[in-house]
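J.: First the structure, which I've put down as structure tokens, then a few questions once you've had a look.
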Amino acid sequence: MQNSPFSALFEPIQIGPVRAKNRFYQTPHCNGMGALRPDAHARMRGIKAEGGWGVVNTANCSVHPSSDLLPEVLQTLWDDGDIPVLAKMVEAVHEHDALAGVQLAYSTYYNGNRFTREVPLGPMSRPVSGYQPVQVRGMDKEDIRNLLGWWAAASKRAMKAGFDIINVDSNFSTIAFQFLSPRNQRTDEYGGSLLNRTRLLRELIEVTRDATQGQCAISVRLIIDELCGANGLRAHEEGIEAIGMLAELPDLWDLVVGTWADDSPSSRFAAENDHEPFMIGIKSVTTKPVVGVGRFTSPDTMAGLLRRGVLDMVGAARPSIADPFLPNKIREGRYEDIRECIGCNICVSSHFAMTNLRCTQNPTMGEEWRRGWHPEYIAAKRSNDAVLVVGAGPAGLECARALGQRGYNVTLAERGTQLGGRVTREGEQLPGLREWLRVRDWRITQLHKMQNVGIYMDSNLCVQDILEFGAAHVVLATGSTWRADGVGRAADRPIPHDNTVKILTPDQIMDGELPADGPVLVYDDDHYYMGSVIAEKLAKAGHSVTLATPAAEISAFTANTLELSRVTRRLDEAGVHMLTHSVLGKISGERALLVHVHTAKAHEIHVATIVMVTARLPNEQLYYDLKEEAKGNIDGGIKSVGRIGDCLAPAAIFQAVYTGHKYAREFEESEEHVAMKRERIQLQEV
Ligand code: ADP
Ligand code: SF4
């Protein structure tokens, strides 16, 4: 490693009383497992440590029942009963010589304490987020003393659980930050001047130090800039000054920019290392290690930040999810093996879905414990049978790759002249999705290393071709096709139309078909990204575009990927006219009839073209035909016919990768071997 350009990333670093073996810091991140699924959580964090991360943190860990985030699945240290759950994670992390950190948090304004029904507390009396009819109570001095006591008790429990680092969370929804923000309008010694507003954060750091008596390092996770102008904290005004005031008090600074949506923007809206401008100058006000994030996947970027003295450790949540072994791969010089995060934020959506973390690039994420999947290892083949995978989209590529890794003799046949299926089409033809091509590129790189996998393009296989090929097992990954008839969530039957208007589908747009002269309606009953990227593409090409959707928001699912505001803003900037609550009822003449979902009032708009973004049909005919043929062809050698990806059931790309991987994992394995474990609630005595 010594002669490597990246050796600085592997230098140990002192963090207060503890020493991290390298500069890879897995920042706290939500995971949908947390306290409810502690075995799954511990295993996932342990694998990060195994993959080389020097520090591995929990997600938000509440210190008291009056900071209750349920139903969101996070951590708690409310009493000693919570200690074993976290001790399990610490053990898994320590097994691989990494440091374990806990993100202690007291949340405000964000939660309504829905589970505990405790009255939420905050700097001032104000409503909580999410339109819940609940307000927080403005804290008096006694409340502040209580909070410091709860914090100290939780710190002691964290120490008992074995944590090396205790993080004082001053993130957007937390009490420490809401006191620090200029939006705190208190008039006592906890409000007003910056010195007053940093008082609570200072006291929280001090009680943590007192409680742990120098045995644990103390880090502070702080928002450096709220990105809301004069209404909030600004890095180069009060942000850096606040760090300067507390400069040497913690042992490490872990810095965040804005809300979660700002801190973890998708690749559609921000490139790698977008936070660097906010980090400039931090190291001049503190001698303590500084950590920052920026969806780092390039070793050059990471090493450059250290070399230029911007950061001391590279922080990562998403890159560590997409590739838990990223540090080890850099150390071993296996750069092309890094499974780079594509910045889609599907991982974030699993937090909002309150279920195990999932990732487009890494299908094993969240499955480490319950299915026993490891991101790097897979069981060896059970036979010498050959497998033919038909279709090289994300599902086919992943299935062929994982079967190849198992040692099977695999043939991947693709009708087109390019690999990647929808990932290639979408990444190359639609605006903002280029980084998604990494789903294809990583898999192609891996496949090309395998002597036991053959790839054939320009091979549009029919039943006869497949039978003649003679593989024992056939897996169909033939994808799906967008519907043109409008059937989707809002319409059970085709939307009536008299053929005056040109109807296009996303497939046709990606194939380069152009709308007719005149206004275009993009009708989005799909609700993820497709409607908005097509509207953006057409508006930028000079068309007059209206985007209509039955939902209350444009691209409603993107609320779960933290993209909703940016999607709406970008469409507005592109000149797209947006209509919500609008169901497409009928198309006649050059008029589209839109009906309001609540009032049923209808209005017509003039259109020349409608792009239907509603639903897809699986390309499954080949599967059924082959199944039929295979029945009478047992002697011909076909032992099984399977299907994966959109051909099995159309869904987002992460699901195509997952079903491809699952097929390969479970191929020729016994039912018992592939059974999914569940964590069960232990009944308490009444
Ligand atoms: P998924 O998301 O499930 O991987 P895609 O639509 O991305 O699905 O990819 C399906 C791929 O299958 C496409 O690249 C398509 O060209 C290919 N394909 C479809 N039918 C055939 C066939 N009969 N023979 C070979 N390739 C096919
Ligand atoms: Fe990256 Fe997407 Fe995986 Fe999240 S889900 S880690 S954004 S590839």
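The values are calculated or read from the model by the stated rules, or taken from the named source; none is laboratory data. Worth saying up front: this structure is predicted, and the values here are computed from it rather than measured. Counting neighbours? That spans all protein chains shown, and the Cβs are built from the backbone with ideal geometry, glycine included. The accessibility values were calculated without ligands, DNA or RNA, using every heavy atom of the protein model including side chains. Shrake-Rupley method; radii C 1.70, N 1.55, O 1.52, S 1.80 Å.
J.: Among the candidates Gly343, Gly366, Gly372, single out the residue that is assigned to a loop (DSSP other than H, G, I, E, B) and open to solvent by 10 Å² or more (accessible area, probe 1.4 Å).
T.: After applying the criteria, what remains is Gly372.
J.: Just to check your reading of the model, which residue among Arg370, Arg443 is away from ligand 2 (no atom under 16 Å from the Cβ), outside the structural domain of Ala322 (by TED's automatic domain parsing), farther than 25 Å from Ile509 by Cβ and under 26 Å from the mean Cα position of the chain (by Cα)?
T.: Arg370
J.: Just checking, how many residues over the stretch 315-346 are within 16 Å of the chain's Cα centre (by Cα) and not small (Gly, Ala, Ser)?
T.: Final tally of qualifying residues: 12.
J.: Right, next: Looking at the structure I just gave you, is Met450 more than 24 Å from Pro618 (Cβ to Cβ) and of a type in the set (A, V, I, L, M, F, W, C)?
T.: Yes: the conditions hold for Met450.
J.: Next question, about the same structure. Please work out if Leu594 is surrounded by 13 or more Cβ atoms within 10 Å (Cβ to Cβ) and in the same structural domain as Gly470 (by TED's automatic domain parsing).
T.: So Leu594 does not fit the description; no.
J.: Return the pair list, or none, for Cβ contacts closer than 8 Å from residues in the stretch 95-107 that are in contact (Cβ under 8 Å) with a residue 12 or more places away in the chain to residues that are part of a loop (DSSP other than H, G, I, E, B) and basic (Lys, Arg), at least 6 apart or on different chains.
T.: Once the first residue is in contact (Cβ under 8 Å) with a residue 12 or more places away in the chain and sits in the stretch 95-107, its partners that are part of a loop (DSSP other than H, G, I, E, B) and basic (Lys, Arg) give Asp97/Lys21; Ala98/Lys21.
J.: Considering the stretch 494-509 alone, what residues qualify as being under 31 Å from the mean Cα position of the chain (by Cα), more than 22 Å from Gly575 (Cβ to Cβ) and not polar (S, T, N, Q)?
T.: Asp507
J.: Let me ask something additional. In the set Leu433, Leu357, Leu419, Leu397, which member is away from ligand 2 (no atom under 16 Å from the Cβ) and of a type outside the set (Gly, Ala, Ser)?
T.: Answer to the check: Leu419.
For every residue, the table says whether it meets (1) assigned by TED's automatic domain parsing to the domain that holds Arg334; (2) surrounded by fewer than 24 Cβ atoms within 10 Å (Cβ to Cβ); (3) within 21 Å of the chain's Cα centre (by Cα).
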{"residue": "Pro17", "(1), (2), (3)": "yes, yes, no"}
{"residue": "Met33", "(1), (2), (3)": "yes, no, yes"}
{"residue": "Val55", "(1), (2), (3)": "yes, no, yes"}
{"residue": "Val63", "(1), (2), (3)": "yes, no, no"}
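J.: From the list Glu189, Glu203, pick out the single residue that is more than 23 Å from Ala230 (Cβ to Cβ), outside any helix (DSSP H, G or I), modelled with pLDDT of 95 or more and open to solvent by 20 Å² or more (accessible area, probe 1.4 Å).
T.: Residue meeting the stated conditions: Glu189.
J.: Let me ask you something else. Tally up the residues in the stretch 386-404 that are touching a helix residue (DSSP H, G or I) at 6+ places or on another chain (Cβ under 7 Å), more than 11 Å from ligand 1 (Cβ to nearest atom) and either open to solvent by 10 Å² or more (accessible area, probe 1.4 Å) or not in a helix (DSSP H, G or I) (or both), please.
T.: Of the residues in that region, 2 qualify.
J.: Determine which member of the set Glu11, Glu72 is surrounded by fewer than 21 Cβ atoms within 10 Å (Cβ to Cβ) and without any contact (Cβ under 8 Å) to a residue 24 or more places away in the chain.
T.: Glu11
J.: Here's another thing I want to ask about it. Only one of (1) under 22 Å from Phe352 (Cβ atoms); (2) open to solvent by 30 Å² or more (accessible area, probe 1.4 Å); (3) in a loop (DSSP other than H, G, I, E, B) is not met by Thr561, so which one is it?
T.: (2)
J.: Specify which of the listed residues (Thr580, Thr614) is open to solvent by less than 70 Å² (accessible area, probe 1.4 Å), under 30 Å from Pro363 (Cβ atoms) and not aliphatic (A, V, I, L, M).
T.: Answer to the check: Thr614.
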